[in-house]
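K.L.:
Please find one structure pasted underneath; my questions will follow.
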Amino acid sequence: MPDSISVDEISLPAWQQKNILVHVLRLDKIHPVISGNKWFKLKYYLQDAQQQYKNTLVTFGGAYSNHLVATAAAGKLYNFKTIGLVRGEEPQSYSHSLQQCVQHGMELIFLSRDDYRQRKIPAGLLTDAYVLTDAYIINEGGYGQLGAKGAAEILDLCTKNFYTHICSAVGTTTMMVGIIQAMNAWQKMVGISVLKNNTELSASLLNLLPENDRQKNICILHNYHLGGYAQKTAELINFMNEFYLATSIPSDFVYTGKLFFAVNHLISSGFFPAASKILLIHSGGLQGNLSVEKGTLIF
Ligand SMILES: *Cc1c(COP(=O)(O)O)cnc(C)c1O
C-alpha cells in the first residue's frame, strides 16, 4: 500500500463553536486512476480472477463510471484484457472517462438501455469460445461480497477506534458494507446517497451485509444528491471551491463533493452530538472532474 495516504484534520469556519473533530482519510492519494475505494473494491476480484486462470475482465458501467476506468487501469497493471459494457448507444464523442478506458486498452461495447438494464452479455461475446472460458465478470460498480471484503480493509489505514462516526458517499453500497463489517458496534456509519430516490439502496445493503452486522448503527441519507447522480448545482460547485480553500482538499462533484457538502450541513444543523469524532472517507473519483467545464473548479 502506498504511503502517500494521509489522515487530515479539517475545520470549516462554521464548525468552530461545535466541539466536533473531523478527519479525512485521503484514499484519493493512492493512485491517480485506480484511486480511492475502487482500488480496495477490485483487489479480491483481481485475485479471484487470477486464481481461476481468467485472462479477461468484463464489467459494466455508464459513460462517467469511475469503476470502468479503474477496471481498465487495474487490468492493464495486472495483465488482464478488459472489456467494458457501457450503458447507452455509442456517443459521438467519448466522455473523459471512456477516453481513459480506451487509453488503458479496454475494449468498449455499447449496450442499449434495455439490454443494459438486463445486464445482457452480447451474444457475440458469449459464443466466442476464447472469451467465454477466459472471462471473469465483475458487477457494475464492483458490487458484491469480494468488493465489500476489499473495502473492509479501508479502516486499517487509520486509528479506527478513535472515531464515533464514519461517513462516506454511497453508490452501490459495496464500500459501506465493508466499512460496517470492519467497524465496532458502538460506532455509527452515515452514508450519503448520491442517487436520487434510490429506493433499492437498503435492499442492496442488506443483500451484502452479514446477519450479525445488521444490528449496527447505520443510516443512509437520501437528501444530498443535489439533482441526482452525476448532476451538479452552482451551490455544490461553490461549496467544493470553498472547501478546497479552507482545507486544501480537492473533491469530485459526483461523490465526495456531495459527501463534504452533506457533512457540513449536518454539522451546522446539529446532527452530530457535541464531542463527536468524525471520519470522512475521501473515496477518490477526482478524475471525474475532467468533465467539468474548465475554470469552474479552482483545483
Ligand atoms: C464508486 C465510488 C463511490 C461509491 O462506492 P460504492 O461502493 O459503489 O457505494 C464513492 N466514491 C467514489 C469517489 C467512487 O468512485
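K.L.:
Just name one of 183, 299, 208: the one whose Cα is farthest towards the positive end of the charge dipole of the chain (beta-carbon charges, Lys/Arg +1, Asp/Glu -1).
P.N.:
Value: 183.
K.L.:
OK, next. Based on Cα coordinates alone, diagonalise the gyration tensor for the chain, multiply each eigenvalue by 5, take square roots, and list the semi-axes in whole Å, largest first.
P.N.:
Numbers: eigenvalues 209, 93, 60 Å².
After diagonalising the Cα gyration tensor, the semi-axes are 32, 22, 17 Å.
K.L.:
Let me ask another. Test of the criteria: in segment 241-299, which trypsin sites (Lys or Arg not before Pro) are in a DSSP loop and have at most 13 other Cβ atoms within 10 angstrom of their Cβ?
P.N.:
Numbers: sites: 258, 277, 294; in loops: 294.
Taking segment 241-299 and a limit of 13 other Cβ atoms within 10 Å, the loop trypsin sites (Lys or Arg not before Pro) found are 294.
K.L.:
Just tell me which aspartates and glutamates come within less than 18 Å, Cα to Cα, of residue 38; anything on the same chain fewer than 8 places away is out.
P.N.:
Once the sequence-local aspartates and glutamates are set aside, what remains near residue 38 is 3, 28, 48, 140, 153, 156, 252.
K.L.:
Okay, moving on. Highest mean first, how do 56-65, 111-120 rank when packing is the count of other Cβ atoms within 10 Å averaged over residues? The partial results should precede the final answer.
P.N.:
Numbers: 56-65: 22.0, 111-120: 12.7.
Ranked by mean Cβ neighbours within 10 Å, highest first: 56-65, 111-120.
K.L.:
Using a 10 Å cut-off on Cβ atoms, rank the peptides 196-203, 34-41, 134-141 from the highest mean neighbour count down. Mind showing how you got there, number by number?
P.N.:
Details: 196-203: 12.6, 34-41: 27.6, 134-141: 19.2.
Descending packing order for the listed peptides: 34-41, 134-141, 196-203.
K.L.:
Using a Cα distance threshold of under 24 Å, what count of lysine pairs results for segment 137-242 when pairs must be 8 or more residues apart or interchain? It would help to have the intermediate numbers written out before the result.
P.N.:
Working: 149/160; 149/188; 149/216; 160/188; 160/216; 188/196; 188/216; 196/232.
Taking segment 137-242 as the scope, the lysine pair count is 8.
K.L.:
Now for a separate question. Using only alpha carbon pairs under 8 Å that are at least six residues apart, calculate the relative contact order of the chain and give it in whole percent. Before the final figure, lay out the partial values.
P.N.:
Values: 566 pairs, mean separation 69.1, N = 299.
Computed over the chain, the figure is 23 percent.
K.L.:
Let me ask something else. Taking the Cα centre as origin and putting +1 on Lys and Arg beta-carbons and -1 on Asp and Glu beta-carbons, what dipole magnitude results for the chain, to the nearest 20 debye?
P.N.:
Details: 24 positive and 22 negative charges, 76 e Å.
It works out to roughly 360 debye.
K.L.:
Here is a follow-up. Calculate, in nm to one decimal, what residue 235 and residue 217 gain on full extension: separation in residues at 0.36 nm each, minus their alpha carbon distance.
P.N.:
On the way: separation 18, 0.36 × 18 = 6.48 nm, distance 3.03 nm.
Here the answer is 3.4 nm.
K.L.:
Here's another thing I want to ask about it. Which log10 I(q)/I(0) values, to two decimals, does segment 1-142 give at q = 0.15 Å⁻¹ under the Debye formula with one point per Cα?
P.N.:
Debye curve over Cα of segment 1-142, log10 I(q)/I(0) at q = 0.15 Å⁻¹: -0.76.
Bear in mind that the values in this text are calculations on the coordinates, not laboratory data. Predicted model only: the values in this text are computed from it and were never measured. Glycine also receives a Cβ, built like all others from the backbone with ideal geometry; neighbour counts cover every protein chain displayed.
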